[in-house]
Amino acid sequence: MDLLRFATAGSVDDGKSTLIGRLLYDSKAIFEDQLEAVEKTSRDRGDEYTNLALLTDGLRAEREQGITIDVAYRYFATPKRKFIIADTPGHIQYTRNMVTGASTADLAVILVDARNGLVEQSRRHAFLTTLLRVPHLVLAVNKMDLVDYSEEVFESIRSEFAAFATKLNVPDLTFIPMSALNGDNIVTRSDAMPWYDGPSLLHHLENVHVASDRNLVDVRFPVQYVVRPQSTQYHDYRGYAGQVAGGVLKAGDEVVVLPSGFSTTIAGIDTADGPVEEAFPPMSVTIRLADNLDVSRGDLICRPNNQPMVTQDVDAMVCWMDSASALRPGQKLAIKHTTRNARALVKDLQYRLDVNTLHRDEAADELGLNEIGRVRLRTTQPLFADPYGRNRTTGGFILIDESTNRTVAAGMITTAE
Amino acid sequence: MTPLDGSGFEYSMSQLSLLEAESIHIMREVVAEMQRPTLLFSGGKDSIVMLRIAEKAFWPAPIPFPVMHVDTGHNFPEVLDFRDRRVQELGVQLIVASVQDAIDRGLVREEPGGSRNRIQTPVLLDAVEKYRFDALFGGARRDEEKARAKERVFSFRDEFGQWDPKNQRPELWSLYNGRVFQGESIRVFPLSNWTELDVWQYIEHEQLELPPIYYAHEREVYLRHGMVMAVTEHSLPRDHETVFTALVRYRTVGDATLTAAVYSEAVTVRQIVDEVSVTRLTERGATRGDDKFSEAAMEDRKKEGYF
Ligand SMILES: Nc1nc2c(ncn2[C@@H]2O[C@H](COP(=O)(O)OP(=O)(O)O)[C@@H](O)[C@H]2O)c(=O)[nH]1
């Protein structure tokens, strides 16, 4: 059994909670006591039927406000796969949640209401999905029951979205007509839409191939922690622990350690369960090197003929996530990139992007909460980075305000020189 | 190399390997960046899994932090025995924060009814202050309860140990922000993405030893509010409650006065996995008296500084 992480997005009332509730319910991830609580709440609120959407309504503050304000994680499994859903709310101001949920997703499901077709938010969700390089996208055309399961309605939404998607960089796009309320095309193919010959949503989620989305070409091993047991048995042991961020490492491989640039070979790859011949993403392993080099946390192990950029000048798309402050040129922030911590100076805000129209506002002088723009940073130490499109681990970073310690932004490296 | 999950694709990993790799990464991150971490170890299955992951994360070095148990004084003796043996095997330091001791010192007062669940929190916070811990590993999972579904892996607590759902840091990719000012701390949940079934499958896969009460055994029990409660020195039946003998096991092993058993014949992990795969009640709903009071009970307790 493997694992698929997916994010869901949609405008308010498109049926996202109903859809998730149905997936959990039909895959038996809902327990009786949870269902009981929901039935009770439904009755208390005077709902006519048990509102499956309540299954995913988290905190009381939100229940009172009646909106979902943060990313919630849900779990279910079928015999084929375990699923982690990042349930991101569709409310207008919550770009930040969508970005967070999409950052780890293998796939995104964007819901639209068949009656309304594409709306501004559908485009925004699709854009954010591609900005975060989610490799697979599903456009779920929901509430088909309210348009008489009409093929024309579905087709017109499909072609409109397909046209829009060519402007984005969508690697794998699937369209599924459905009714979350009635369960059409959710778990099984629906008889109500004989004209549709694609998979049900669950079938697609179970079968979409994700292991190959990981970068197995560029060897990248950010050193996380140096293991040096002070014991007689492992007296001379010195291992570099970390999680593989790219490529396949093998014992005997020639490698280079950055920033020193020294080369050596991999003497062995250890785990507590014994040595392994190969390590690939996202395995957590401990690497021993043939030579005694001075390697510490924040260094990066790669191959001599395939190295990341080593740079203090970083160009990136940045999403600002803090409500109490804004990004402005001249500002200094802490940056965390792989296992490396440094400080960064905002040199320049090149433009702010309107996520609905994709218009670039070059006159912008700041990025506020939920705004995205292209930024140039100068860091106090070199980063070992790849373009985010090539590697989501070595291409992503967060910015931290040192006066509050809050995480204020997420960044995706475009190029750096 | 052979595929880890039989998928036929060479470089894929099973869900358990993926979860383990993520949890190891989280633990190493904390040890690399925080000053004084500790791991909350109760002898319960989630903390046993967590301790195993800590063992793996730093191997062949020993676990580089102490473990702590908040002892309500109402624990099952089998669990305490197990706890002591396990820490000895691993050679880690055990810190016991005792609720009884805190009652005797006047730090907390026992609530009417004798429940010590709420008063655990100040005892925990007191120990955190005393040892100046800035990171506490907890075994909580997001699938346990609604209020946890939005919990971060790194959950920020202010200098009063309080959790403010509105003041949590966005978590992207596998980049965690553990920065704190003096007195503040981070609760870290390395098992956030695990489900109860994953935990059991891992226990089976790793052949982890558990306290015996996790397996079906005969016990004197009585029914309270529909829950099967054990007769122990801390949890005696009331007059109208009839005691009978039943074959039961525990799904969680907290405070004996609050933790209920379930009827079961499962005496091996495999049998438990089979039972868990078809069970229709959450762990907490079935067996934790403490969360039943209100739907928002957990949320309130977390705000006060509970895990
Ligand atoms: N007719 C119909 N109604 C739906 C469908 N999916 C959701 N709804 C209804 O649309 C409303 C909003 O759904 P909800 O899941 O709360 O939307 P969310 O805001 O996207 O989470 C509710 O009244 C649902 O019952 C569907 O497929 N068909």
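Quick look at the values:
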item	result
Residue pairs meeting the criteria (Cβ under 6 Å; at least 6 apart or on separate chains; first in contact (Cβ under 8 Å) with a residue 60 or more places away in the chain, in region A:144-158; second aliphatic (A, V, I, L, M) and within 16 Å of the ligand (Cβ to nearest atom))	none
Unmet criterion (only one of (1) within 21 Å of residue B:51 (Cβ to Cβ); (2) in a loop (DSSP other than H, G, I, E, B); (3) within 11 Å of chain A (Cβ to nearest Cβ); (4) at pLDDT 95 or above) for residue B:179	(1)
Residue within region A:374-395 that is closer than 19 Å to residue A:128 by Cβ and without any contact (Cβ under 8 Å) to a residue 24 or more places away in the chain present	yes
Region A:296-342: number of residues that are outside the structural domain of residue A:377 (by TED's automatic domain parsing) and among the small types (Gly, Ala, Ser)	2
Residues located in region B:55-84, provided they are within 14 Å of chain A (Cβ to nearest Cβ) and touching a residue at least 24 places away in the same chain (Cβ under 8 Å)	B:55, B:56, B:57, B:58, B:62, B:63, B:64, B:65
Any strands (runs of 3 or more DSSP E) falling wholly within region A:221-292 and containing at least 1 residues that are more than 24 Å from residue A:341 (Cα to Cα) and within 12 Å of chain B (Cβ to nearest Cβ)	A:262-270
Odd one out for residue A:27 among (1) more than 9 Å from chain B (Cβ to nearest Cβ); (2) more than 16 Å from the ligand (Cβ to nearest atom); (3) at pLDDT 90 or above	(3)
Selection status of residue A:370, crowded, with 16+ Cβ neighbours inside 10 Å and modelled with pLDDT of 95 or more	no
Of the criteria (1) surrounded by fewer than 17 Cβ atoms within 10 Å (Cβ to Cβ); (2) of a type outside the set (Asp, Glu); (3) within 14 Å of chain B (Cβ to nearest Cβ), which one residue A:310 fails	(3)
Of all residues making up region A:347-371, the number that are part of a strand (DSSP E or B) and more than 16 Å from residue A:407 (Cβ to Cβ)	9
Matching residues in region A:396-410 - criterion: being in contact (Cβ under 8 Å) with a residue 12 or more places away in the chain and either of a type in the set (A, V, I, L, M) or surrounded by fewer than 24 Cβ atoms within 10 Å (Cβ to Cβ) (or both)	A:398, A:399, A:400, A:401, A:402, A:404, A:406, A:408, A:409, A:410
Output for region B:8-54, where each listed residue is more than 23 Å from residue A:286 (Cβ to Cβ), at the interface with chain A (Cβ under 8 Å from one of its Cβ atoms) and either modelled with pLDDT of 95 or more or not in a loop (DSSP other than H, G, I, E, B) (or both)	none
Some residue of region A:218-233 being of a type in the set (Lys, Arg), within 27 Å of residue A:5 (Cα to Cα) and surrounded by 18 or more Cβ atoms within 10 Å (Cβ to Cβ)	yes
Matching residues in region A:99-150 - criterion: being touching a Lys or Arg at 6+ places or on another chain (Cβ under 8 Å), within 14 Å of another protein chain (Cβ to nearest Cβ) and within 15 Å of the ligand (Cβ to nearest atom)	none
Residue list for region A:389-403, filter: of a type in the set (Ser, Thr, Tyr) and facing chain B (nearest Cβ under 9 Å)	A:393
Residue satisfying all of: in region B:224-253; assigned to a loop (DSSP other than H, G, I, E, B) and among the hydroxyl-bearing types (Ser, Thr, Tyr); nearest to the chain's Cα centre (by Cα) among these	B:252
Scan of region B:130-168 for residues that are of a type in the set (A, V, I, L, M, F, W, C) and touching a Ser or Thr at 6+ places or on another chain (Cβ under 9 Å), ordered by number	B:133, B:135, B:136, B:137, B:140, B:149, B:153, B:156, B:163
Selected residue (criterion: farthest from the ligand (Cβ to nearest atom)) from residues of region A:1-18 that are closer than 13 Å to residue A:88 by Cβ and among the hydrophobic types (A, V, I, L, M, F, W, C)	A:6
Filtered residues of region A:293-315 (kept if more than 26 Å from the chain's Cα centre (by Cα), in a loop (DSSP other than H, G, I, E, B) and not β-branched (Val, Ile, Thr))	A:293, A:294, A:296, A:304, A:305
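The values are calculated or read from the model by the stated rules, or taken from the named source; none is laboratory data. Please read these numbers as outputs of a predicted model, since none were measured by experiment. With ideal geometry, Cβ positions are generated from the backbone for all residues, glycine too; neighbour counts draw on all protein chains shown.
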